[in-house]
Every structure is written in C-alpha cells, then in structure tokens.
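K.L.:
My structure is below; once you've seen it, I'll send some questions.
The values are calculated or read from the model by the stated rules, or taken from the named source; none is laboratory data. Fair warning: this is a prediction, and the values are worked out from it, not measured in the lab. Cβ: placed from backbone, ideal geometry, glycine included. Neighbour counts: every protein chain shown.
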Amino acid sequence: MLKIALYCDVQSQKQVEPELIEYMTEKNIPFEIYQVDSASEFLGDYFFQNDFQLLLVCENNCLSYIMKTYHNFDKKYMHMVSGILDLPLNLDIIGKELFDNIENTYRCPYGVYTISNRTILHRILHEEIEYIRRVNDKSVIYLRNGETEETRKSINNIRKELNEKYFVKCCKGYLVNIFNIKKANKDTHTIELKSGVRIPLTKRHFNEFIRTYISSMHGFRIWNN
C-alpha cells in the first residue's frame, strides 16, 4: 500500500488528486491519499511517520514531492528522492517525471565492506556487491564490474559483518544484494540480477527472502510491479 500525504489548497487539490487517482488505478497500485491541512501537521504527523512514503506539497503552481525509498529502522536512517513538477499534471508527467525519476535514482545506501589478509586491504562499497557465493572453502564476492574478491570467512560471518537487511540469503551458500536484483521468479526458482546473471532461489528460502525483501525495501519497490 502506497500512503500519500498531500498538502495543498482546495484549488490545487482539484488539479492534482484526480490525476494521481487515475494513474494509480491504471497501474493497479494500491494507495491511500491523505489531505493535510497545515504545515505543522504535515511535518509532525506525516513526514516522520514511517508508513507514509510519498509526500506532496502544492505551492506557486508547482508540485514538490519527497519519496522515501529506503528505511533502516535499527540504524535510524532513511533515504529519500525529491523533485518539483509543474502544474497542471497529466498521466505522462506523473509516470515519466515522478515515478520513473524515482526508479532511476533508486540505489543501494552507502556502506563499505573490508576484506583483509596478510597481503591486501580492500574496501568494497555495498552497492558494488552483486552477490556472494560459497565455493569450496572460500566465499567469493561477485562485483558489478565483473571482478571477484575472495575470503575464507563463512557466508554467515560476512552477513553479520555487512549488518544490512538488504543482503538476503536466497539459497544455501548464497547471499544477494537486493538493490542489484532485477526480478525474482518463483516458478523457475531463480533471481535475475541487473547484470543478467541468474542465481538460485530455493523453496526453503523463498518466504524468508520475500519477507526480508519487502521489509528492507519499504519503498516504491513494494508496490511498483
């Protein structure tokens, strides 16, 4: 469910709300729109509420938006995308300039994983990690640029050190970064990454994978099918 907070006057509401409703209905996106009457209410009751994802403000014939795209409740931070649209709205503007823009800027939060041994010390950005696989007595870290790094640490130990919910166990011996996933297929039991690589998704791990995927993303990926 996409929960939207809309702060604007009556005239602007008549321009914005019908177009939003038509777009959401056409795209089969479940949603709720809440009309906000004051700036203090907007900030106090909606902006800081975790379950409101899209925040809209109409002013000077423009529509400003903030989309919360990622939450980590344990570490108490969130990522947001913002922008401004000219009024009047239409379905094309909502699709291309609002939701497509959000998708294009949707990326893995900043984080660094360090590999060290007797000869090297290598710091890897979380966003560069596609997936990690246990091969014989080593864990191989597959990066977006096609390169790999190896460590003797177990998958479970690496997961604890990464300490982020967006690294998900999808199969025995596999750990995947959900920000680099293109789609998951329950019928073929596979995950396709943005790079085109396919990795297994076992029935045993499917429910845990979906729960973690949804709770970690907690943004437009939940409802944008």
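K.L.:
How many residues does the stretch 19-58 hold that are surrounded by 13 or more Cβ atoms within 10 Å (Cβ to Cβ), among the charged types (D, E, K, R) and in contact with a helix residue (DSSP H, G or I) (Cβ under 9 Å, 6 or more places away or on another chain)?
P.N.:
3
K.L.:
Same structure, new question: For the condition free of Cβ contacts under 8 Å to residues at least 60 places away in the same chain and within 30 Å of Met80 (Cβ to Cβ), what is the one hit in Arg198, Arg123?
P.N.:
Checking each option against the conditions leaves just Arg123.
K.L.:
Kindly provide the set of residues from the stretch 113-146 that are surrounded by 10 or more Cβ atoms within 10 Å (Cβ to Cβ) and assigned to a loop (DSSP other than H, G, I, E, B), ordered by number.
P.N.:
Result: Asn117, Arg144.
K.L.:
Restricting to the stretch 169-206, and then to whatever is among the basic types (Lys, Arg) and not in a strand (DSSP E or B), can you tell me which residue is farthest from Arg133 (Cα to Cα)?
P.N.:
The qualifying residue farthest from Arg133 (Cα to Cα) is Lys186.
K.L.:
Of the residues that sit in the stretch 146-193 and are of a type in the set (Val, Ile, Thr) and within 21 Å of the chain's Cα centre (by Cα), which one is farthest from Leu125 (Cα to Cα)?
P.N.:
Here the answer is Thr190.
K.L.:
Within the stretch 172-184, which residues are surrounded by fewer than 20 Cβ atoms within 10 Å (Cβ to Cβ) and at pLDDT 85 or above?
P.N.:
Answer for the stretch 172-184, where residues must be surrounded by fewer than 20 Cβ atoms within 10 Å (Cβ to Cβ) and at pLDDT 85 or above: Lys172, Gly173, Tyr174.
K.L.:
For residues that are buried (at least 17 other Cβ atoms within 10 Å of the Cβ), under 15 Å from the mean Cα position of the chain (by Cα) and not in a helix (DSSP H, G or I), scanning just the stretch 87-108, find the one that is modelled with the highest pLDDT.
P.N.:
It comes out as Cys108.
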